[in-house]
């Protein structure tokens, strides 16, 4: 009985001690905004290969917007730009 | 009657067998053609020989040019046919744009400086934005 009570007491003390650690752990991951939106946003351009490549996977696929945080509107523009760049052989259809 | 002019961005790739001189003379030929139909060429860029990301017609390289055009819509079709019959042209892309960019394009800049403008933009604020650490 006495053992149980001690366990309980430590158990009850647990959350109390955990509280500060939890507050430390809950860091705010700042939501990244769309790099193309806003007045200072970048411009989607099919000629700007180095910019496009930031939004492509290593194999040359277009990354989903949930990873790159591009807005839906600009993701549309981006995918079109990538396809134009591919047609002009500026970036590969399939990278090896 | 005044024709309606649209803005076009035109990228064209010539075969690797051509010389710069031939490219320049063909481009001036195009410019002449566009002027004849009442169009206008606002920018001409010779972006030079580039290596393709994948082989086109078993060729590895091509000479890229970029033109900013103002052109009547009806002429686009005719120009397309004309380009398709040109054996020097590997590929071309004609896009209608809202505004023509007068600044040198990325395609031309890449020859000289590798990623400066947009990288600085990204670093300064957008993508790698970090919270200042509070004490």
Picking from A:54, A:24, A:73, A:30, which residue would you name as being at pLDDT 90 or above and within 14 Å of chain B (Cβ to nearest Cβ)? A:54
Across the range B:79-128, what is the total count of residues that are surrounded by 13 or more Cβ atoms within 10 Å (Cβ to Cβ) and modelled with pLDDT of 75 or more? 19
Residue A:40 passes all but one of (1) part of a loop (DSSP other than H, G, I, E, B); (2) at pLDDT 90 or above; (3) farther than 15 Å from residue B:11 by Cβ; which number fails? (2)
Looking only at strands (runs of 3 or more DSSP E) that fall completely inside the range B:1-84, which ones have 2 or more residues that are without any contact (Cβ under 8 Å) to a residue 40 or more places away in the chain and closer than 30 Å to residue A:96 by Cβ? B:40-56
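The values are calculated or read from the model by the stated rules, or taken from the named source; none is laboratory data. Not measured: the values here are computed from a predicted model. Every residue, glycine among them, receives a Cβ derived from its backbone with ideal geometry; neighbour counts consider all protein chains shown.
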